[in-house]
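The values are calculated or read from the model by the stated rules, or taken from the named source; none is laboratory data. These numbers were taken from a predicted model, which means no experiment stands behind them. Here the Cβ is made from the backbone with ideal geometry for all residues, glycine too, and neighbour counts use every protein chain on show.
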Amino acid sequence: MAMEARLTQRMSQRVVMTPLLQQAIQLLQLSTLELQEVVQKELLENPLLEEVPVDGEGPAPPGEPEAAAPAPEPVPEVPRDERQTDDLPFDLTAVLFDDHEERSLVAQEEHDDLPFENIVRSASSLGDHLEEQLRFATDDPGLRRIGSEIIGNLDEDGYLRAELAEIAERCGATPADVERGLQLVQLFDPPGIAARTAQECLLLQLRRDPNPDPVSIEIVEQHFEDLSRRRYQEIARALKLPLDRVMESIEEIMTLEPKPGRPFGGNDSRYIVPDVSVIRMGSEYAVILNEEGIPRLRVNSLYRTLLRSSGDEARQYVEQKLRSAMWLIKSVEQRQRTLRKVTQSIVKFQREFLDKGLPYLRPLALRDVGEDISMHESTISRVTTNKYVETPQGLFELKFFFHSGIASGDGEMVSSVSVKKMIQDLLANEDTTKPLSDQEVAQILKGRGLTIARRTVAKYREELGILPSHQRRLAPRRR
C-alpha cells in the first residue's frame, strides 16, 4: 500500500477560552470586595485605564457615557492582523463612546464612615493573656522563664504539646522546677489551661471549684473512657450510685470547656458586605446593587490620541492595553447586569419568603432561574458564588435560595430548609423523657401533609447536629 502526504481542509466550531474570556468568567464569581481588588490592581497595571473623578460629579444622565471619555473623538479602526489573538465580541469603536446604564442608588448616595461602635478592637492572644498573668504571679526570674517556655508551647486549644524534660533542658532547670512552673500556669485563667490531656483539662476545671463535687472528679479520674463513650449506666454500676445522681454529675461535666484556648482563637471579626440589597418599596421589592468602592472606569484620552499618531511598536502596545481595558470595563458591567437580573428572578420566585419568612421558602433550582432570564445554569452558579444579599428577612448567601423540595399533600413542593426548621422545632419541644424517633417525626410531618421518608428525616437531623433519640434520652440538658 503506497504512502502519500495530503493537505486537507476541515471546518469546525469550538469554544476557545482566551485569557480575556477567562477573566470575564472569573469576574462573575467574585464578591464585591474581591472585584474591588481586581479593578484596583488593573488600574495600577494598565496605563490606559483611569478612574472617573467622583468629586463634583453626580450620576450620569441617561444617554451620556460613563466609561468613555467626556468628549467623543473618532478612533481609527484597529487593524486585524496576526498579533491580535483575543477577539472582542463587540465593536471596539462603538464601545468607547457607548451609553451605559445609570449606576445604582447605592453608588449615588453619600455614605458615612463605619460607625465607631462597629469597630472591633484587636483581641489579645492566648499567649499575651497568660504572659500578663505570669508577670504578676511571681518575681522569680527562673520561674518566669519556665512559665514563658510553657506558654510558648501551648497550642491554639490551650494544651501543652511539649515534654517537661524538653522544657527543663531548654531552660537549664530541674524537672521539679518545671513541674512547679506548670502548676503555676495551670492556675491561670482560663481554667484548664496548660493541660496535657482532655482528662487533665476537665480535672483542672473541676478542682478549681472551692467545693468540688467528688462524684464528678471520680467519674473523670476513674471512668473517663466510659464517660467519653456515654456509658452512663456502667458508670452508675461501678460507683454503686443511682443513675439520677450520676447524671447530675455528668451534667456538670458537660458544662466544662474541653478547649480552654477557644475564646482566644485569634479569628478577627469580619463584616460581610452585601453585594446586593432587596428593599421593600410599597408593595414591591427593589433590587439595588452595592457598587460602593468599585471605581468608575474610562479610557485615558491621552493614549487614545497616541493610538492615532504613534509608530507600529508603540501602536501595538497601546492596542493591547486598550483591548484589555475595554474588556475589563465591559466585563464589570456585564457582571453587574447579570447579578441584578439573577437577583430579580430570585425575588420573583421567593416573594412569599420575603413577605412572611423562612417557612415560606420555596424549592428552587438553578435551572428555574436560568430559564426565567434565558441564561445557562453554569452562569447562574457562577453569579451566585460568594455573593450575599440583604433582604427584609436578613442577610443571606445567594446560594441559600436554591434548595430541593419535599412533596406535600396538595401537590406543592416544600423547601428542604423549611422541612429542617419543622424538624428542629419538633425536637426542641419534645418530651425529654420520651424523645421522638425519626419514624415518629416522619409520621407527624405526614399528618401535616408532607410525604417524607424516615431516612430523609435522619439525614436532616444529622445535618442539624441533633443526636438520635436514644442518645437524646441519655444526654443531659445544658443548664
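Annotations
- When residues of region 125-141 are limited to those that are exposed (fewer than 14 other Cβ atoms within 10 Å of the Cβ) and either assigned to a helix (DSSP H, G or I) or not assigned by TED's automatic domain parsing to the domain that holds Gln183 (or both), the one farthest from the chain's Cα centre (by Cα): Pro141
Yes/no matrix, rows are residues, columns are (1) closer than 21 Å to Leu187 by Cβ; (2) surrounded by 13 or more Cβ atoms within 10 Å (Cβ to Cβ); (3) among the polar types (S, T, N, Q):
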residue: Leu206; (1), (2), (3): yes, yes, no
residue: Asn211; (1), (2), (3): yes, no, yes
residue: Ile217; (1), (2), (3): yes, yes, no
residue: Gln222; (1), (2), (3): no, yes, yes
residue: Asp226; (1), (2), (3): no, yes, no
residue: Tyr232; (1), (2), (3): no, yes, no
residue: Lys240; (1), (2), (3): no, no, no
residue: Met247; (1), (2), (3): no, yes, no
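- Boolean, Glu352 is of a type in the set (Asp, Glu), surrounded by 14 or more Cβ atoms within 10 Å (Cβ to Cβ) and in the same structural domain as Thr32 (by TED's automatic domain parsing): no
- Taking first residues from region 152-175 that are assigned by TED's automatic domain parsing to the domain that holds Glu131 and under 14 Å from Cys201 (Cα atoms) and partners that are among the β-branched types (Val, Ile, Thr) and in a loop (DSSP other than H, G, I, E, B), the Cβ contacts under 7 Å between residues at least 6 apart in sequence or on separate chains come to Gly158/Ile193.
- Per-region count, region 427-436, residues surrounded by 16 or more Cβ atoms within 10 Å (Cβ to Cβ) and without any contact (Cβ under 8 Å) to a residue 40 or more places away in the chain: 2
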